[in-house]
Amino acid sequence: MENKRNTKQDPVMGPLIPASIETGSGRKHSLWRKFVAQRHLQTMALLGVAWMIVFNYIPIYGLIISFKEYNIVKSIAEAPWVGLQHFRELFDDDELPNVIRNTLGISLIKLIIGFPLPIIFALFLNEVRSLRYKKAIQTISYLPHFLSWVVLGGILATWLADVGIINSILMALHLIDQPITYLAEPSYFWTIIISSDIWKELGWSAIIYLAAIAGVSPEMYEAATIDGAGRFQKMWFVTLPSVRGTISILFILAVSGVLSSNFDQILVLRNSLNDSASNVIDYYIYQTGIVSNRFSYSAAVTLVKAVIALILLLIANQVSKKINDTSLF
Amino acid sequence: MFALKRRTKGEVIFDIINNLVMLCVCFLTLYPIWYVLVNAFNDGNDAMLGGIYWWPRIITLKNFEAVFASPGIMLAMAITVAKTVVGVAVHVFFTAMVAYALSRRDLVGGKIYILIGTVTLFFNGGLIPTFLLNRDLHLLDNFLVYIIPVMFSFFDLIIFMTFFREIPDGLDEAARIDGANDWSILLRIVLPVSMPVIATIALFHGVYQWNDYFTGIIYINNVDLQPIQTYLFRVVAQSSSNTMMTAVQGSAATRTVTSQSIKLATMVVTTLPIVFVYPFLQRYFVKGMMIGSIKG
């Protein structure tokens, strides 16, 4: 079917381009004629390209302000060059080690706990026999994904309030004497971030694995049954391998994203009291750039982050290619 | 056949435990939301004493009345509805249009266009250059900041393109012979048969538009233009550290509502529309997620 479209000739232009003249200037000429004949299609495509140049490529170009002293009065091109000054400033900042610790700490724990959980959930959900029950669990498990982080922040604030359910239960069990203001304590911040993230995305992240599992042919399971495989053996030897490729791809992306945080989540749950545990790179970029108007400095942080993320992506991709024979590119 | 269906004792135990674990997952998913719901339907001052877990102690609709009576909240809701409706329509049409052109394998320059797009999947300028661009485009305190900077996504284009390439060729042949141009083929033939993928992208972008609060924070100072999520953020962020008291009260007409109970009622009202819509689009977005992950 795809081939058919490939070789399809434009009903208007088809007869006008005999293969024999498609050489040299004749070919250029015919390409142009084809372009003109496609003017409607080209308009559609070029509108998209124009949008990308403005909203994707101009901001990428805009990152050069990290080598300049940009201020609001002058344009990006007029701003004077300052070389690596902002990068030196960044590496001299006393706040940096803490910011890196928070970013990597939260990301790595999310990776270790949050990454496998949807896979496990999908594996066991797949074992539920009643189709209707399975469907109902799936629908319920998607629900939190559709809540905004602002609303979830409100839910958490309610749960963790002085008179909230968590304090009430712990006090009733005499585990604590006084209510704890969890969101004001840096020591609880990572736990709150990681568990609320898992709660929100567990079911949603499992969709993709469930879809891959659904593609396994029943004959594989029948064959395994005949070979005497039990329930767990079938999950381990039949179901799990079917999602291996998906796992690899998502893992590559997760590894390259360790310097990124869920900014919507962080911004909702952070405050000045838990700052020592909640200041991550993405917040640092926001805080220095938007709040303090240090545009060039903030762009320099973005650039360093992007370069490291790219290196991580390439490494993870290579490793996955070697070990698993799956890769993004 | 019957022999295969008969389960061993171990299997039965496995099924029971597995079903119970799944039941727990459902409970853990639903209960936090239920807890907020019953508190939103409870008298505000009474709720401050705590201890409301399963059912409201003093049932009241006062909190919701206060929400619907507050001009500030209702205006923010209207902004959210407007940005979602307009944003989805523009995003879906524009992205589908570009995707249709790029889905045609005979498109001159198609490979270059796709390369230009693929780069955007891996690189972006980040917060500050994007902020400066939008500022230079006069999008600060402008409703269009919700629409134009997100009217296109190459990731969504890939999902559209994959779908369009699976449409049988014969479908547009007749129209083409009748002399229809590519615009009318896109509008009259391609889009009407692409409802599953349109539903998927519309849902994804709709959820983004509905839930996004950050755009309002950095680009909108005029409170008359802020969406409900930004409005809520300002309330939530202020009370979450327990250090600040009720700054935004809106029109708390009666004494039984508190800023907390209004907040909960607003959260419920904000969330309900999406919760009612997504189960009906489930079969579409599952497929959309698959295409997105394979190609993305």
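The values are calculated or read from the model by the stated rules, or taken from the named source; none is laboratory data. From a predicted model like this one, the values you see are computed outputs, not experimental measurements. A quick note on method: Cβ atoms are made from the backbone with ideal geometry, for glycine too, and the neighbour counts reach across all protein chains shown.
Data for the structure
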item	result
Residue in the stretch A:40-58 that is in contact (Cβ under 8 Å) with a residue 12 or more places away in the chain, facing chain B (nearest Cβ under 7 Å) and either under 24 Å from the mean Cα position of the chain (by Cα) or surrounded by 14 or more Cβ atoms within 10 Å (Cβ to Cβ) (or both) present	no
Check on A:PHE232, among the aromatic types (Phe, Trp, Tyr) and either more than 19 Å from the chain's Cα centre (by Cα) or not in a helix (DSSP H, G or I) (or both)	yes
Qualifying positions in the stretch B:40-56 - farther than 19 Å from B:LEU272 by Cβ and in contact with a strand residue (DSSP E or B) (Cβ under 6 Å, 6 or more places away or on another chain)	B:ILE52
Residue within the stretch B:232-243 that is surrounded by fewer than 18 Cβ atoms within 10 Å (Cβ to Cβ), modelled with pLDDT under 90 and in a helix (DSSP H, G or I) present	yes
Residue match in the stretch B:103-113 (condition: in a helix (DSSP H, G or I), away from chain A (no Cβ under 13 Å) and either crowded, with 16+ Cβ neighbours inside 10 Å or among the small types (Gly, Ala, Ser) (or both))	no
Within the stretch A:151-168, tally of residues that are more than 7 Å from every other protein chain (Cβ to nearest Cβ), assigned to a helix (DSSP H, G or I) and within 21 Å of B:TYR213 (Cβ to Cβ)	2
Which numbered condition B:ARG57 misses (of (1) modelled with pLDDT under 90; (2) over 28 Å from A:LEU117 (Cβ atoms))	(1)
The stretch A:287-297, residues that are within 8 Å of chain B (Cβ to nearest Cβ) and within 16 Å of A:SER261 (Cα to Cα)	none
Failed item, numbered, when B:PHE131 is tested on (1) in a helix (DSSP H, G or I); (2) facing chain A (nearest Cβ under 8 Å); (3) surrounded by fewer than 21 Cβ atoms within 10 Å (Cβ to Cβ)	(3)
Selected residue (criterion: nearest to B:ASN39 (Cα to Cα)) from residues of the stretch A:125-137 that are in contact (Cβ under 8 Å) with a residue 24 or more places away in the chain and at the interface with chain B (Cβ under 7 Å from one of its Cβ atoms)	A:LEU125
Options A:ILE76, A:ILE140, A:ILE120: the member that is at negative phi and in contact (Cβ under 8 Å) with a residue 40 or more places away in the chain	A:ILE140
Set B:ASP141, B:ASP156, B:ASP172: member being in contact (Cβ under 8 Å) with a residue 40 or more places away in the chain, in a helix (DSSP H, G or I), charged (D, E, K, R) and more than 10 Å from chain A (Cβ to nearest Cβ)	B:ASP156
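Matching residues to (1) crowded, with 19+ Cβ neighbours inside 10 Å; (2) more than 10 Å from every other protein chain (Cβ to nearest Cβ):
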| position | (1), (2) |
| --- | --- |
| A:TRP149 | yes, no |
| A:ILE176 | no, yes |
| A:PHE189 | yes, yes |
| A:LYS200 | yes, no |
| A:GLY203 | yes, no |
| A:LEU210 | yes, no |
| A:GLY215 | no, no |
| A:GLU219 | no, yes |
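A quick yes/no check of all residues on (1) more than 9 Å from chain B (Cβ to nearest Cβ); (2) without any contact (Cβ under 8 Å) to a residue 12 or more places away in the chain; (3) outside any helix (DSSP H, G or I):
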| residue | (1), (2), (3) |
| --- | --- |
| A:LEU259 | yes, no, yes |
| A:GLN265 | yes, no, no |
| A:SER276 | yes, no, no |
| A:ASP282 | no, no, no |
| A:ILE285 | no, no, no |
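Let's see how each residue does on (1) outside the structural domain of B:PHE143 (by TED's automatic domain parsing); (2) crowded, with 18+ Cβ neighbours inside 10 Å:
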{"position": "B:GLU173", "(1), (2)": "no, no"}
{"position": "B:LEU187", "(1), (2)": "no, no"}
{"position": "B:LEU203", "(1), (2)": "no, yes"}
{"position": "B:GLY206", "(1), (2)": "no, yes"}
{"position": "B:PRO227", "(1), (2)": "yes, yes"}
